[in-house]
């Protein structure tokens, strides 16, 4: 009996040991995973919703870089000339 797994809102049928005729199902799943999950090597990754790592984990990074045409080349927060960091009600 196949196992159903979901990647990016799409269900995929993954075979269990001894099943036959599963090649196209696994190929579809592998293609979806390779284009729809965050990978250690980086690259473009478009989120369709917010990500919540829970209260026991967060982001740890060397820097945050804006999508401005010419962001700063050094510093922790790298913004363009006309960008800023703002806080609500301040």
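The values are calculated or read from the model by the stated rules, or taken from the named source; none is laboratory data. The shown structure was predicted, so the numbers you read here are calculated from the model rather than taken from an experiment. Glycine gets a Cβ as well: all are built from the backbone with ideal geometry, and neighbour counts include every protein chain shown.
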* Sole exception among (1) on the phi < 0 side of the Ramachandran plot; (2) surrounded by 10 or more Cβ atoms within 10 Å (Cβ to Cβ); (3) in a loop (DSSP other than H, G, I, E, B); (4) modelled with pLDDT of 85 or more for residue 61, by number -> (2)
* Structure fact -> Looking across the stretch 1-12 at residues that are assigned to a strand (DSSP E or B) and out of contact with any strand residue (DSSP E or B) (no Cβ under 7 Å at 6 or more places or on another chain), the single one that is surrounded by the fewest Cβ atoms within 10 Å (Cβ to Cβ) is 6
* Asked: What is the residue count in the stretch 19-56 for residues that are part of a loop (DSSP other than H, G, I, E, B), more than 19 Å from the chain's Cα centre (by Cα) and in contact (Cβ under 8 Å) with a residue 12 or more places away in the chain?
  -> 2
* Hey, does the stretch 34-41 have a residue that's over 22 Å from residue 67 (Cβ atoms) and touching a strand residue (DSSP E or B) at 6+ places or on another chain (Cβ under 9 Å)? -> no
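Looking at the structure I just gave you, is residue 15 surrounded by 10 or more Cβ atoms within 10 Å (Cβ to Cβ), in contact with a helix residue (DSSP H, G or I) (Cβ under 8 Å, 6 or more places away or on another chain) and free of Cβ contacts under 8 Å to residues at least 24 places away in the same chain? Outline the logic, then answer.
Numbers: surrounded by 10 or more Cβ atoms within 10 Å (Cβ to Cβ): yes; in contact with a helix residue (DSSP H, G or I) (Cβ under 8 Å, 6 or more places away or on another chain): yes; free of Cβ contacts under 8 Å to residues at least 24 places away in the same chain: yes.
Considered against the rule, which asks whether it is surrounded by 10 or more Cβ atoms within 10 Å (Cβ to Cβ), in contact with a helix residue (DSSP H, G or I) (Cβ under 8 Å, 6 or more places away or on another chain) and free of Cβ contacts under 8 Å to residues at least 24 places away in the same chain, residue 15 comes out as yes.
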